[in-house]
Amino acid sequence: MELQGQYDGHVEPGGAPARRELDALTITKISVGPMDNNAYLLVCRSTGDALLVDAANDSERLADLLGHDAQRPRLRTIVTTHQHADHWQALGAVAGQTGCFTLAHPADADALPVPPDRLVEHGDTIEVGESQLSVIHLRGHTPGSIALLYRDPNGHPHLFTGDSLFPGGVGKTSSPENFRSLIDDVENRIFAELPDDTWFYPGHGDDSTLGAERPKLAEWRERGW
């Protein structure tokens with residue numbers, strides 16, 4: 001599968017994936033399905049072990065990210081960030097093809113088409129070869145929405161936010177109570193803990209940094225969405 005050029009956080013629906021090369025990991029972003037869902041393939045450069053964030057749709061295109069030669073990465077894990085159906089349309093197919101483990105938060109697990117092999121909570125660690133991701137539970141978009149944090153020892157943090165945080169606001173919520181829960185968690189568990197150069201990767205659309213979004217937090221809370 002041909003890649004687009006230099007990574008800038010933008011991919012076109014149905015278009016070429018974009019790859020970011022870190023010292024220990026590669027991150028490949030692709031837009032799949034009719035709702036422009038982002039899926040992210042993380043590959044350990046030392047071991048070739050891979051983790052997929054949200055098998056959202058287009059199982060064949062997701063499989064193509066792994067390639068087809070003998071040296072292709074080995075998909076070990078799929079993490080589903082939350083229970084909404086547009087984020088797991090290809091979960092059964094990709095998990096069945098690869099035999100990988102599936103992970104989700106227990107509060108969203110019952111809604112998934114494949115029962116998770118492992119349930120993860122706030123503060124848990126997920127291995128990607130020789131690297132680790134930290135689980136951040138962000139309550140509000142769904143009861144079990146999670147983000148995944150990679151602290152690059154040789155660079156800035158990388159955060160995969162599902163539908164809990166986007167450029168311009170937090171994810172959609174169904175009540176004022178859920179909005180307050182989500183904005184509180186986003187402020188306390190993300191913005192209060194991570195630096196401005198943290199690059200985040202949402203479940204739809206373009207990436208951003210916490211520094212670009214931080215000045216807008218009070219505005220988001222005031223407007224209520």
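The values are calculated or read from the model by the stated rules, or taken from the named source; none is laboratory data. Just so you know, these numbers come straight off a predicted model, no measurement behind them. Counting neighbours? That spans all protein chains shown, and the Cβs are built from the backbone with ideal geometry, glycine included. To get the accessible areas, we keep the full protein, side chains included, count just its heavy atoms, and leave off ligands, DNA and RNA. Shrake-Rupley method; radii C 1.70, N 1.55, O 1.52, S 1.80 Å.
Please verify whether VAL94 is outside any loop (DSSP other than H, G, I, E, B), closer than 21 Å to ILE27 by Cβ and either in contact with a helix residue (DSSP H, G or I) (Cβ under 7 Å, 6 or more places away or on another chain) or among the basic types (Lys, Arg) (or both), treating the condition exactly as stated.
Values: outside any loop (DSSP other than H, G, I, E, B): yes; closer than 21 Å to ILE27 by Cβ: yes; either in contact with a helix residue (DSSP H, G or I) (Cβ under 7 Å, 6 or more places away or on another chain) or among the basic types (Lys, Arg) (or both): yes.
Taking the combined requirement at face value, the residue satisfies it.
Restricting attention to strands (runs of 3 or more DSSP E) lying wholly within region 108-222, give those where 1 or more residues are touching a residue at least 60 places away in the same chain (Cβ under 8 Å) and farther than 25 Å from GLY33 by Cα.
By residue number, 125-128, 131-137, 146-151.
Suppose we keep only residues that are buried (at least 17 other Cβ atoms within 10 Å of the Cβ) and within 21 Å of ALA85 (Cβ to Cβ) within region 143-158. Which one would you say is farthest from the chain's Cα centre (by Cα)?
That would be GLY144.
Do the conditions hold for LEU25, that is, is it over 23 Å from ASP86 (Cβ atoms), touching a residue at least 24 places away in the same chain (Cβ under 8 Å) and touching a Phe, Trp or Tyr at 6+ places or on another chain (Cβ under 9 Å)?
So LEU25 passes the test.
Rundown of residues vs (1) open to solvent by 10 Å² or more (accessible area, probe 1.4 Å); (2) over 19 Å from ILE27 (Cα atoms); (3) among the aromatic types (Phe, Trp, Tyr); (4) in contact with a strand residue (DSSP E or B) (Cβ under 9 Å, 6 or more places away or on another chain), yes/no style:
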| residue | (1), (2), (3), (4) |
| --- | --- |
| HIS141 | yes, yes, no, yes |
| PHE160 | no, no, yes, yes |
| PHE200 | no, no, yes, yes |
| TRP220 | no, yes, yes, yes |
| TRP225 | yes, yes, yes, yes |
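Take the conditions surrounded by fewer than 23 Cβ atoms within 10 Å (Cβ to Cβ) and in contact with a Leu (Cβ under 7 Å, 6 or more places away or on another chain) and apply them to ARG118. Does it pass?
Details: surrounded by fewer than 23 Cβ atoms within 10 Å (Cβ to Cβ): yes; in contact with a Leu (Cβ under 7 Å, 6 or more places away or on another chain): yes.
So ARG118 passes the test.
For region 25-46, give me each residue that is of a type outside the set (S, T, N, Q) and surrounded by fewer than 20 Cβ atoms within 10 Å (Cβ to Cβ).
GLY33, PRO34, MET35, ASP36, ARG45
Scan ARG180, ARG189 and give me the residue that is more than 28 Å from LEU52 (Cβ to Cβ) and either open to solvent by 60 Å² or more (accessible area, probe 1.4 Å) or modelled with pLDDT of 95 or more (or both).
Sole residue among the options that is more than 28 Å from LEU52 (Cβ to Cβ) and either open to solvent by 60 Å² or more (accessible area, probe 1.4 Å) or modelled with pLDDT of 95 or more (or both): ARG180.
Assuming LEU66 fulfils every condition listed in (1) open to solvent by 10 Å² or more (accessible area, probe 1.4 Å); (2) modelled with pLDDT of 95 or more; (3) closer than 23 Å to TYR150 by Cα apart from one, which condition is it?
(2)
Considering only region 28-55, state which residues are free of Cβ contacts under 8 Å to residues at least 60 places away in the same chain and among the aliphatic types (A, V, I, L, M).
Across region 28-55, the qualifying residues are ILE30, VAL32, ALA39, LEU41, LEU52, ALA55.
Which condition does ILE136 not pass, out of (1) surrounded by 15 or more Cβ atoms within 10 Å (Cβ to Cβ); (2) more than 14 Å from the chain's Cα centre (by Cα); (3) at pLDDT 95 or above, if it passes all the others?
So ILE136 meets the others, but not (2).
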